[in-house]
């Protein structure tokens, strides 16, 4: 299945629609669209999509920026793989790693709200590992 880069607004909107199908996704459609739109201005944001005829089977949004340690990091902001296309995960992982080299990133990073053990079971075979956890506290809003 071919994965292509896109800046087409109809495809960016379709990527945003996948958020509704993503369990426990914390990024809003509005924020994701704003980030992808920045790809029209800068080459640091890249959006990729794949289709089976007219049906979106997967997508990934990447952002290259310096992290807190000074490393140029390719952040995987959002990725969706249709559950009916499990082999597509490996294709996206390979694409992301190719883009990291092409964009001269020092590392690839992503955050998840899923159990780290479950993520490592899925992505550990590709060389990804649990490095740290993030602890949050919301200010100004009641946390439930």
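Can you tell me which residues in the range 10-30 are out of contact with any strand residue (DSSP E or B) (no Cβ under 7 Å at 6 or more places or on another chain) and surrounded by 14 or more Cβ atoms within 10 Å (Cβ to Cβ)?
Answer for the range 10-30, where residues must be out of contact with any strand residue (DSSP E or B) (no Cβ under 7 Å at 6 or more places or on another chain) and surrounded by 14 or more Cβ atoms within 10 Å (Cβ to Cβ): 16, 19, 25, 29.
Only one of these is under 16 Å from the mean Cα position of the chain (by Cα) and assigned to a loop (DSSP other than H, G, I, E, B): 23, 34, 46. Name it.
Being under 16 Å from the mean Cα position of the chain (by Cα) and assigned to a loop (DSSP other than H, G, I, E, B) holds for just one of 23, 34, 46, which is 23.
Give the range 37-56 a look and list any residue that's closer than 16 Å to residue 2 by Cβ and surrounded by fewer than 19 Cβ atoms within 10 Å (Cβ to Cβ), or say none.
Hits for the range 37-56 are 51, 52, 53, 54, 55, 56.
What are the pairs, 6+ residues apart or on separate chains, where a residue within the range 108-121 that is in a loop (DSSP other than H, G, I, E, B) has its Cβ under 7 Å from a residue that is surrounded by 13 or more Cβ atoms within 10 Å (Cβ to Cβ)?
110/75; 110/76; 112/119
So, residue 82, is that one over 27 Å from residue 55 (Cα atoms) and under 18 Å from the mean Cα position of the chain (by Cα) or not?
No; evaluated as a whole, the condition is false for this residue.
State all residues of the range 24-33 that are without any contact (Cβ under 8 Å) to a residue 40 or more places away in the chain and closer than 25 Å to residue 2 by Cα; if no residue qualifies, say none.
29, 33
Output the residues belonging to the range 63-83 that are loosely packed, with under 10 Cβ neighbours inside 10 Å and either in contact (Cβ under 8 Å) with a residue 12 or more places away in the chain or farther than 23 Å from residue 121 by Cβ (or both).
Selection gives 68, 69, 70.
Each value in this text was obtained by applying a stated rule to the coordinates, not by laboratory testing. Since this is a predicted model, take the numbers as computed values, not measurements. With ideal geometry, Cβ positions are generated from the backbone for all residues, glycine too; neighbour counts draw on all protein chains shown.
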